[in-house]
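Comments concern the structure below.
The values are calculated or read from the model by the stated rules, or taken from the named source; none is laboratory data. Since the structure is predicted, the reported quantities are computational estimates derived from the model, not experimental observations. Here the Cβ positions follow ideal geometry from the backbone for every residue, glycine too, while neighbour counts run over all protein chains shown. Ligands, DNA and RNA are excluded from the accessible area calculation, which covers all protein heavy atoms including side chains. Shrake-Rupley method; radii C 1.70, N 1.55, O 1.52, S 1.80 Å.
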Amino acid sequence: MRFIFLIFKRMTTVNLSDYDPGRVPSASEIRFGIVVSDWNSEITMKLLIGVINTLKKHDAADNNIIVKHVPGSFELPLGAQFIAEYDDVDAIICLGCVIQGETPHFTYICQGVTQGITQLNLDYNIPFVFGVLTTANKQQALERAGGKHGNKGDEAAITAIKMAALQRQMEK
Ligand code: DLZ
């Protein structure tokens with residue numbers, strides 16, 4: 001009975017950043033681009049801090065991390081493409097926060113950014129990581145940007161490291 005309760009408690013209090021990332025390769029030789037949306041900047045700055053802290057925790061060098069800002073999440077794919085075209089990076093992390101409003105705008109922005117980032121992953125030979133929160137309200141976003149559900153930025157950073165390392169491993 002206690003076992004079932006513990007499983008249930010675990011399911012109801014899951015922290016998104018508690019997942020076991022397994023072995024994370026060193027990021028010391030990896031160059032990262034980060035493109036961050038200024039819309040809902042209170043949230044996106046927290047995601048950015050999560051990404052940078054996690055990259056550094058895995059030995060990324062300061063001068064191997066470049067950060068570019070775009071106005072909103074809809075601009076993330078093009079901002080990421082600019083980095084891919086004009087900078088020399090191994091992985092690009094896209095950070096944004098789309099909060100549902102009263103109109104279908106939310107749906108269109110989410111579709112645009114999701115399809116845009118998916119397309120970039122297939123068009124370029126480097127990973128573009130989807131670090132975009134899509135939430136019903138600001139509270140849900142705060143909970144996923146360093147709150148009770150962890151920081152989505154941490155996960156995005158781990159994904160970028162792993163995918164860049166995989167690419168290097170494959171090209172050898
Ligand atoms: C216009 C808009 C709205 C209503 N909501 C958001 C949002 O919740 N999160 C976000 O990142 N951006 C939002 N935007 C701005 C769009 O992403 C985009 O910047 C504008 O439509 C201009 O292309």
Tell me which of these Lys152 doesn't satisfy, since it passes every other one: (1) open to solvent by 20 Å² or more (accessible area, probe 1.4 Å); (2) more than 15 Å from the chain's Cα centre (by Cα).
(2)
Reported set for region 101-126 where residues are open to solvent by 80 Å² or more (accessible area, probe 1.4 Å) and either within 8 Å of the ligand (Cβ to nearest atom) or touching a residue at least 60 places away in the same chain (Cβ under 8 Å) (or both) is Thr103, His105
Would you confirm whether or not region 16-31 contains a residue that is in contact with a Lys or Arg (Cβ under 6 Å, 6 or more places away or on another chain) and open to solvent by less than 60 Å² (accessible area, probe 1.4 Å)?
no
Region 127-142: number of residues that are β-branched (Val, Ile, Thr), open to solvent by less than 60 Å² (accessible area, probe 1.4 Å) and within 14 Å of the ligand (Cβ to nearest atom)
2
Please find, within region 37-95, the residue that is surrounded by the fewest Cβ atoms within 10 Å (Cβ to Cβ) out of those that are within 16 Å of the ligand (Cβ to nearest atom) and of a type in the set (Gly, Ala, Ser).
Ser41
When region 24-66 is checked residue by residue, the ones that are part of a helix (DSSP H, G or I) and among the small types (Gly, Ala, Ser) are Ser41, Gly50
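Quick test for you: out of Ala157, Ala145, pick the one residue that is closer than 28 Å to Ala27 by Cβ, within 14 Å of the ligand (Cβ to nearest atom) and buried (at least 20 other Cβ atoms within 10 Å of the Cβ).
Ala145 is the lone residue from the list that is closer than 28 Å to Ala27 by Cβ, within 14 Å of the ligand (Cβ to nearest atom) and buried (at least 20 other Cβ atoms within 10 Å of the Cβ).
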Need pairs with beta-carbon distance below 9 Å; first residue of a type in the set (Phe, Trp, Tyr) and within region 155-171, second open to solvent by 30 Å² or more (accessible area, probe 1.4 Å); sequence gap 6+ or separate chains.
none
